[in-house]
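All remarks here apply to the structure that follows.
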Amino acid sequence: MIPDFQTLMLPLLQQLADRKEHNIKNIVDALAVKFDLTEEEKNELIPSQRQPTIYNRVLWANTYLKKSG
């Protein structure tokens with residue numbers, strides 16, 4: 001099951017803890033592995049069919065974390 005963006009927040013912070021620059025694709029891939037997502041889940045698209053759900057949720061988690069400072 002693809003985690004919601006709130007569930008992704010702490011693992012995202014953990015991925016970024018080294019304070020280095022990260023490629024969003026690499027972060028999404030690492031989180032997909034962490035949550036043991038299947039290929040089908042990794043390829044599932046949001047309703048607009050514009051991007052993968054996991055990618056979208058990682059971006060939202062990142063957005064909310066940035067807004068919170």
DSSP loop GluC sites (Glu not before Pro) in the stretch 1-59 with at most 16 other Cβ atoms within 10 Å of their Cβ, which ones? Glu21, Glu44
I'd like the per residue volume of the convex hull spanned by the Cα atoms of the chain, given in cubic angstrom. 89 Å³
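Relative to the Cα centre, what is the charge dipole magnitude of the chain, using +1 at the beta carbon of each Lys and Arg, -1 at the beta carbon of each Asp and Glu, and rounding to the nearest 20 debye? It would help to have the intermediate numbers written out before the result.
Details: 9 positive and 9 negative charges, 87 e Å.
It works out to roughly 420 debye.
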Given 20 °C and 1.002 mPa s, compute D for the stretch 5-45 with the Stokes-Einstein relation, Rh being the Kirkwood radius over Cα pairs; round to the nearest whole µm²/s. 197 µm²/s
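Looking at the chain, which trypsin sites (Lys or Arg not before Pro) are in a loop (DSSP not H, G, I, E or B) and have at most 14 other Cβ atoms within 10 Å?
Working: sites: Arg19, Lys20, Lys25, Lys34, Lys42, Arg50, Arg57, Lys66, Lys67; in loops: Arg19, Lys20, Arg50.
In loop regions of the chain (DSSP not H, G, I, E or B), the sparsely surrounded trypsin sites (Lys or Arg not before Pro) are Arg19, Lys20, Arg50.
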The relative contact order of the chain, taking Cα pairs under 8 Å that sit 6 or more residues apart, comes to a percentage of 45 percent
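Counting other C-beta atoms within 10 Å, and keeping those with at most 13, which DSSP coil chymotrypsin sites (Phe, Trp or Tyr not before Pro) do you find in the chain?
Numbers: sites: Phe5, Phe35, Tyr55, Trp60, Tyr64; in loops: Phe35.
Filter output for the chain: empty list.
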Neighbour net charge for Ile27 - beta-carbon separation under 13 angstrom, K R +1, D E -1: +1
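None of the figures in this text is laboratory data; all of them are computed from the coordinates on show. Small disclaimer: the values here were computed from a predicted structure and weren't measured. Every residue, glycine as well, gets a Cβ built from its backbone with ideal geometry; the counts of neighbours run over all protein chains shown.
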